[in-house]
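What follows is one structure encoded as structure tokens, with my remarks underneath.
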Amino acid sequence: MNPRKIAVAAALAALLLAGPGIAHAAPPAAPPRQEQVAAATITWTLERASNPTADQQAAYTLITSAMNAAVARYNNLSDLGKSITVRYDTSVPTADGNLNGTIRFGGNRSYMTERTALHEIAHTIGVGTSSGWSSLGGSGTWTGAQATALVRQFDGSSAKLSTGGGHFWPYGLNYENEFSGTAADRHVRIVAAMVRDGL
């Protein structure tokens, strides 16, 4: 090959390798895989009559508001998961919740509140309805370490969670006069701690 052509080719190659935009670094290492666990969520559906009466429609409106607020609070403050079916049933005096995931609101409108919804969601998760409840709360005092530590964080070193009749207190939201934003938040956190304890 012509020595001049060889020199030109070498000069061009040197320019190309030294020019801007040419990177000679090793490709970046792939980031290490991090295992992520998706938080569970509570979801709910309301069973509605195909042609609701005015009474049913009014109840549906109140129940929807109560459940939306309660479910939002649970999903914001816990990683609990449950699929809940809600019914309006005038044969129910107040409201009830079952471990199978059903909540029934009775005809008394004063129970169609966020407080009631939070309380009944707790029953669907196992408060008063599960075998874990019987073993950890059957003595009249909750014996699980995490929920006990949490109530002591809230109320002092001698605080305890009392149990009876399928309910707990404080923060069980058993009556409307127990409801406040703080009490509702603590309720959710205690139920979540009970689940970690083995509820």
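Is it true that Ala72 is closer than 21 Å to Val188 by Cα and either among the basic types (Lys, Arg) or modelled with pLDDT of 95 or more (or both)?
yes
So which residues in the stretch 54-68 are within 19 Å of Arg115 (Cβ to Cβ), open to solvent by 50 Å² or more (accessible area, probe 1.4 Å) and not polar (S, T, N, Q)?
Within the stretch 54-68, just Leu62 meets the criteria.
Which pairs do you get when a residue that is within 15 Å of Met112 (Cβ to Cβ), found in the stretch 69-96, comes within reach of a residue that is assigned to a helix (DSSP H, G or I) and open to solvent by 40 Å² or more (accessible area, probe 1.4 Å), reach meaning Cβ atoms under 6 angstrom, with the pair 6+ apart or on two chains?
Going by the 6 Å Cβ cut-off, the qualifying pairs are Thr94/Tyr111; Ala95/Tyr111.
Give the residue that is surrounded by the most Cβ atoms within 10 Å (Cβ to Cβ), with candidates limited to residues of the stretch 172-199 that are of a type in the set (S, T, N, Q) and assigned to a helix (DSSP H, G or I).
In this case the residue turns out to be Thr182.
Kindly list, by first and then second residue, each pair from a residue in the stretch 34-46 that is of a type in the set (Lys, Arg) to a residue that is at pLDDT 95 or above, limited to pairs with Cβ atoms under 9 Å and residues at least 6 apart or on different chains.
Filtered contacts from the stretch 34-46: no entries.
If you go through the stretch 69-90, how many residues are crowded, with 16+ Cβ neighbours inside 10 Å, within 23 Å of Asp197 (Cβ to Cβ) and hydroxyl-bearing (Ser, Thr, Tyr)?
2
Considering each residue of the stretch 161-171, count those that are more than 16 Å from Val191 (Cβ to Cβ) and open to solvent by 70 Å² or more (accessible area, probe 1.4 Å), and give that number.
Residues flagged as more than 16 Å from Val191 (Cβ to Cβ) and open to solvent by 70 Å² or more (accessible area, probe 1.4 Å) within the stretch 161-171 amount to 1.
Test Asn51 against the stated conditions and say whether it is surrounded by fewer than 17 Cβ atoms within 10 Å (Cβ to Cβ), more than 23 Å from Leu173 (Cβ to Cβ) and at pLDDT 95 or above.
yes
Take Ala145 and tell me if it is hydrophobic (A, V, I, L, M, F, W, C), at pLDDT 95 or above, open to solvent by 50 Å² or more (accessible area, probe 1.4 Å) and out of contact with any His (no Cβ under 9 Å at 6 or more places or on another chain).
Answer is yes for this residue.
Against the definition (aliphatic (A, V, I, L, M), touching a Pro at 6+ places or on another chain (Cβ under 8 Å) and in contact (Cβ under 8 Å) with a residue 12 or more places away in the chain), how does Leu161 come out, yes or no?
Yes; evaluated as a whole, the condition is true for this residue.
The values are calculated or read from the model by the stated rules, or taken from the named source; none is laboratory data. All values derive from a computational prediction rather than experimental measurement. Methodologically, a virtual Cβ is constructed for each residue, glycine included, from the backbone with ideal geometry; neighbour enumeration extends over all protein chains shown. Accessible surface is based on the protein model in full, side chains and every heavy atom, while ligands, DNA and RNA are left aside. Shrake-Rupley method; radii C 1.70, N 1.55, O 1.52, S 1.80 Å.
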